[in-house]
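The values are calculated or read from the model by the stated rules, or taken from the named source; none is laboratory data. Bear in mind that the values here come from a model prediction, so they are computed numbers and not experimental data. Counting neighbours? That spans all protein chains shown, and the Cβs are built from the backbone with ideal geometry, glycine included.
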């Protein structure tokens, strides 16, 4: 049993303030309680912010070289405990062990490495005519992270804030606290000064809201739902702090008529189903030429039908559990709604996968002939559900792709690189991947519209934690 009954504040593990409650830590693949988690209050936030503010003057004055050395040491320690981090993520969110070892845990290390590179490359002082422009750390950074890619998103915020010279208060997801505990231990072992990094477990409406409205916090960065982003923005408004939001997505995957249809459809389906569909940039709207739609639907159904779902400890199972009962119930509701709306179900559906009797597992589900006005095409489901939408021509595809309140990611497939690049340039999304290109942790990561504001990764992500001062000479 994991008993996470303390918060990391001012360089040590401290008991919660009076009034704290607790919650069970549940393995969603087995529905078994595997531990307990202390849930903080505003009083715990006050202590953590006070520690961060006290540590800020000295930490913000450290040299680039000193911060690089500490982050490099953290990277070494992280690598040594990679298996522990993978196991923690596997237990807390029910992801397949192979995925945790191959992608989940390594993502945190890759992002940490990108923060070190950005810190090395960042130009903190530069001349513009007779003016010297100096980039300085903004102050105390409050970081609110999700459960779907927990180690990677913690590092996307904490490593960059620390690299910039900010001090940190982290609120990890209460659904995924185990890997966060390990990361806090590693930061302590690396030798970061007391108060530079602090962590309080808790619920979003309590700890997250307290951080958002706290006058001692200078910037808050949230990865979560669009609803959560709106609430954080409203709470932060009274103190006029900087707000960085990486929110929901309903990403279009535009397969043009000259693309390798089989390769494009297979890649699209697998990128939705990976991590049980719980990925903000998942290409959950597949746009295919109308004349090729039925052929594409057949390919998609075959790919989805071949995916084995179940016990995430087994290598053969490629799709694990959804992260919680609440997430399972939402996904089931949305699949049922797609059926009620008359969308063509070609794979999957409601209920547990065949052979599964326990755990929050959903069937990889494909809907074909979906109209872009259907709920399953408009709402972020965050589960293994793909909506296939036919289009008439290239202009129609671009119109449908942009007809969404989200703008996090988009995908384009074409045999003609110039054509794919032209279409990519017209898509209203923060990130566009062509022909299966991967994510570059040094490139800016973030969205348009209700997918948020601000950017993570590379010098763009580092700059979000800096103020820029002009000094006339």
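A few comments on the model shown:
Condition check ((1) in the same structural domain as residue 113 (by TED's automatic domain parsing); (2) surrounded by fewer than 22 Cβ atoms within 10 Å (Cβ to Cβ); (3) not in a loop (DSSP other than H, G, I, E, B)) across all residues:
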residue	(1), (2), (3)
372	no, yes, no
376	no, no, yes
381	no, no, no
388	no, no, yes
397	no, no, yes
401	no, no, yes
428	no, yes, no
436	no, yes, no
460	yes, yes, yes
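- Counting only residues that are farther than 24 Å from residue 89 by Cα and either under 23 Å from the mean Cα position of the chain (by Cα) or in contact (Cβ under 8 Å) with a residue 60 or more places away in the chain (or both), segment 21-43 holds 2 of them.
- No other residue among 296, 300, 259 is in contact with a strand residue (DSSP E or B) (Cβ under 8 Å, 6 or more places away or on another chain), in contact (Cβ under 8 Å) with a residue 60 or more places away in the chain and not in a helix (DSSP H, G or I) apart from 259.
- Subset of segment 397-421 [in contact with a strand residue (DSSP E or B) (Cβ under 9 Å, 6 or more places away or on another chain) and more than 15 Å from residue 251 (Cα to Cα)]: 414, 417, 419, 420, 421
- Flag set for residue 356, criterion: more than 21 Å from residue 410 (Cβ to Cβ) and in contact with a strand residue (DSSP E or B) (Cβ under 8 Å, 6 or more places away or on another chain).
- Of all the criteria given as (1) assigned to a loop (DSSP other than H, G, I, E, B); (2) farther than 22 Å from residue 299 by Cβ, the one not satisfied by residue 418 is (1).
To keep it simple, each residue is scored yes or no on (1) farther than 20 Å from residue 52 by Cα; (2) in the same structural domain as residue 461 (by TED's automatic domain parsing); (3) surrounded by fewer than 20 Cβ atoms within 10 Å (Cβ to Cβ).
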| position | (1), (2), (3) |
| --- | --- |
| 172 | no, yes, no |
| 183 | no, yes, no |
| 187 | no, yes, no |
| 193 | no, yes, yes |
| 203 | yes, yes, yes |
| 216 | no, yes, yes |
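- Cross-chain or 6+ apart pairs with Cβ under 9 Å, segment 82-105 first and assigned by TED's automatic domain parsing to the domain that holds residue 359, then assigned to a helix (DSSP H, G or I) and crowded, with 18+ Cβ neighbours inside 10 Å: none
- Taking segment 74-98 as the range and being in contact with a strand residue (DSSP E or B) (Cβ under 9 Å, 6 or more places away or on another chain) and either outside any helix (DSSP H, G or I) or surrounded by fewer than 24 Cβ atoms within 10 Å (Cβ to Cβ) (or both) as the test, the residues that pass are 94, 96.
- Restricting 198, 253 to residues that are touching a residue at least 40 places away in the same chain (Cβ under 8 Å), buried (at least 24 other Cβ atoms within 10 Å of the Cβ) and closer than 30 Å to residue 386 by Cα narrows the list to 253.
- Among (1) buried (at least 24 other Cβ atoms within 10 Å of the Cβ); (2) part of a loop (DSSP other than H, G, I, E, B), the one test that residue 288 misses: (2)
- Taken together, the residues in segment 201-227 that are touching a residue at least 60 places away in the same chain (Cβ under 8 Å) and part of a helix (DSSP H, G or I) amount to 8.
- The residue of segment 398-443 that is farthest from residue 281 (Cα to Cα), among those that are touching a helix residue (DSSP H, G or I) at 6+ places or on another chain (Cβ under 7 Å) and at pLDDT below 95, is 442.
- Of residues in segment 447-458 being on the phi < 0 side of the Ramachandran plot and in contact with a helix residue (DSSP H, G or I) (Cβ under 8 Å, 6 or more places away or on another chain), the one surrounded by the most Cβ atoms within 10 Å (Cβ to Cβ): 451
- Checking each residue in segment 264-282 for being surrounded by fewer than 24 Cβ atoms within 10 Å (Cβ to Cβ) and touching a strand residue (DSSP E or B) at 6+ places or on another chain (Cβ under 6 Å) picks out only 281.
- Which listed residue, of 357, 363, is in the same structural domain as residue 298 (by TED's automatic domain parsing), assigned to a loop (DSSP other than H, G, I, E, B) and surrounded by 21 or more Cβ atoms within 10 Å (Cβ to Cβ): 363
- Restricting 158, 142 to residues that are touching a strand residue (DSSP E or B) at 6+ places or on another chain (Cβ under 7 Å) and part of a strand (DSSP E or B) narrows the list to 142.
- Subset of segment 99-138 that is in contact with a strand residue (DSSP E or B) (Cβ under 7 Å, 6 or more places away or on another chain) and part of a loop (DSSP other than H, G, I, E, B) - its residue that is surrounded by the fewest Cβ atoms within 10 Å (Cβ to Cβ): 130
- Residues (closer than 15 Å to residue 320 by Cβ and part of a helix (DSSP H, G or I)) located in segment 268-285: 270, 272, 273, 274, 275, 276, 277
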